[in-house]
1. In debye, nearest 20, what is the charge dipole magnitude of the range 233-354 about its Cα centre with +1 on Lys and Arg Cβ and -1 on Asp and Glu Cβ, if you could check?
2. Quick one: helix 56-67 against the long Cα principal axis of the chain, what's the angle to the nearest 10°, folded into 0 to 90?
3. Under a plain spin-label model, where a point goes 7 Å from the Cα along Cα-to-Cβ, how far apart in nm are residue 189 and residue 116?
4. Which one of 80, 248, 340 is farthest out on the positive end of the charge dipole of the chain, using unit charges on Cβ (Lys, Arg +1; Asp, Glu -1) and the Cα centre as origin?
5. Would you please put 148-155, 70-77 in order of how densely packed they are, using the mean number of other Cβ atoms within 10 angstrom per residue and starting with the highest?
6. Taking +1 at the Cβ of each Lys and Arg and -1 at the Cβ of each Asp and Glu, which of 157, 133, 121 sits farthest along the dipole of the range 111-164 towards its positive end, judged by Cα position relative to the Cα centre?
7. Express the accessible area of the range 44-107 per residue in Å², computed with a 1.4 Å probe while the remaining protein chains stay in the model.
8. Would you kindly derive the ³J(HN,Hα) couplings of the range 153-165 from the backbone phi angles with the Karplus curve 6.51 cos²θ - 1.76 cosθ + 1.60 (θ = phi - 60°), listing them in order in whole Hz, with x for Gly and Pro?
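The values are calculated or read from the model by the stated rules, or taken from the named source; none is laboratory data. Because the structure is predicted, anything quoted here is derived from the model rather than measured. Ideal geometry is used to build each Cβ from the backbone, glycine not excepted, and the neighbour counts take in all protein chains shown. For accessibility, only protein heavy atoms count, side chains too; no ligands or nucleic acids. Shrake-Rupley method; radii C 1.70, N 1.55, O 1.52, S 1.80 Å.
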Amino acid sequence: MPTTQTHEIAAAKRLENVRYAIRDLACVADEVIKQGHKVLPLNVGDPLNFDFQTPPHIIEAAYKAMRDGKNGYAPSPGIPEALEAIRGEAARKGITTVRDVFVTSGVSETVDLCISALVNPGEDILTPKPDYPLYSAVLCKLGIALNAYDLNEDDVWQPELADIERKLTSRTRAIVLINPNNPTGSLCSRQMLEQIADLARRHNLVVFSDEIYDKLILDYDSQGNAIPHIAFAAVAPDVPCITFGGMSKNYLVPGWRIGWGIVSGDAAAIKPYTEGIHRLLRARLCANHPEQYAIKPALEGPQDHLIEVCRKLRSRRDLTQKWCESTPRVSCVAPRGAFYAYPKIDIPESDEVFVKELIRQKHVMVVHGSGFGQKPGTQHFRIVFLPDEKTLTKAYAGIAEFIRDRYGNE
Ligand SMILES: Cc1ncc(COP(=O)(O)O)c(C=O)c1O
């Protein structure tokens, strides 16, 4: 006998605080699209929405793997040749105390898995504010209270050490660094990494260093050479650390869902935690299999595409920065890596209203600062500066006009 379902199926209460502002704005954009307008998406960090192409030899490697029948489950930690290539990459990053490496379905899975394997109910981890919203979403999912430390806009968005000290408790297990940073585009200085390492040593913390954008560095030194990225684990070889890396951004395949973790630090200290991670790796069977055959060709093959990607990004960063500096009510710490700018706006209403009205009136989609977390009383928005110069110029003219018409230029 069929029975009738009469009650709503409620989602779990712990999801109430899960926000993913970047995608939530899609509802507003849908309204505008239904009215027949085209919306310019400056909200999602997907280079393949714009004039960036995946290097062909990487596609060929995954295609070949599929043709060769690599379509079953892979070993849970990842295929051996990918693991070896990631160890090579760790060495190139200057990480000398690698204890383990594993492959995941995107850095998103690394984040979920590494937090889940570490934190007990009642404990917490320090996450940056503003942050990449996945971190707070995973913590909500696990029922872990958020413990966010400030990034200091007045100090080129460096972590605010005094705030970290204030927020640390005996139940704090880890600290998250996002370097290069999303949403601010900032880089951690070596001195800052050393200070965080010192803090981690004193408080027995694991460091999660999210370095997914480590090959997208946009600054030059005084001799005109691109400045190298500094890996946290290279600065602090003894500190228990998991470095997060992946293919989505550096190798232009965000849809493939390939990421990894590099475990480093004191071998005895990190061993039980690493075993916990492997328990979860086995429980979820494996990461995407055929795409793993592209990891070695990506990391060890030609890197020419990166020169072109960084050239385009530098030019678009410069254009963005110039616009921020010349537009009333807007100011911005210049981004130094990745493809995000995080301007401050001086407006008399919330940045969420600003962003939603901007979509409705100018059909340009950016993300409000409150979606990433920010200091009370400040307002920001995040721009993805991946589009070409002509598209960005048009978008920025629209935003400037919107600001002038809605708030005035004073
Ligand atoms: C800082 C940061 N970490 C992790 C991710 C997720 O990356 P993946 O595509 O590898 O899951 C992103 C994606 O935008 C990100 O910006």
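1. Numbers: 16 positive and 13 negative charges, 52 e Å.
In total the dipole reaches around 260 debye.
2. Orientation of helix 56-67: about 50 degrees from the principal axis.
3. Placing both labels 7 Å beyond Cα along the Cβ direction yields 3.9 nm.
4. My answer, from the dipole projection, is 80.
5. On the way: 148-155: 18.6, 70-77: 15.0.
Ranking, from highest mean packing down: 148-155, 70-77.
6. Projecting each Cα onto the dipole axis, the largest value belongs to 121.
7. Working: 3100 Å² over 64 residues.
Accessible surface, normalised per residue, equals 49 Å².
8. Each residue's phi maps through the Karplus curve to give 4, 6, 10, 6, 6, 6, x, 8, 4, 4, 5, 4, 4 Hz.
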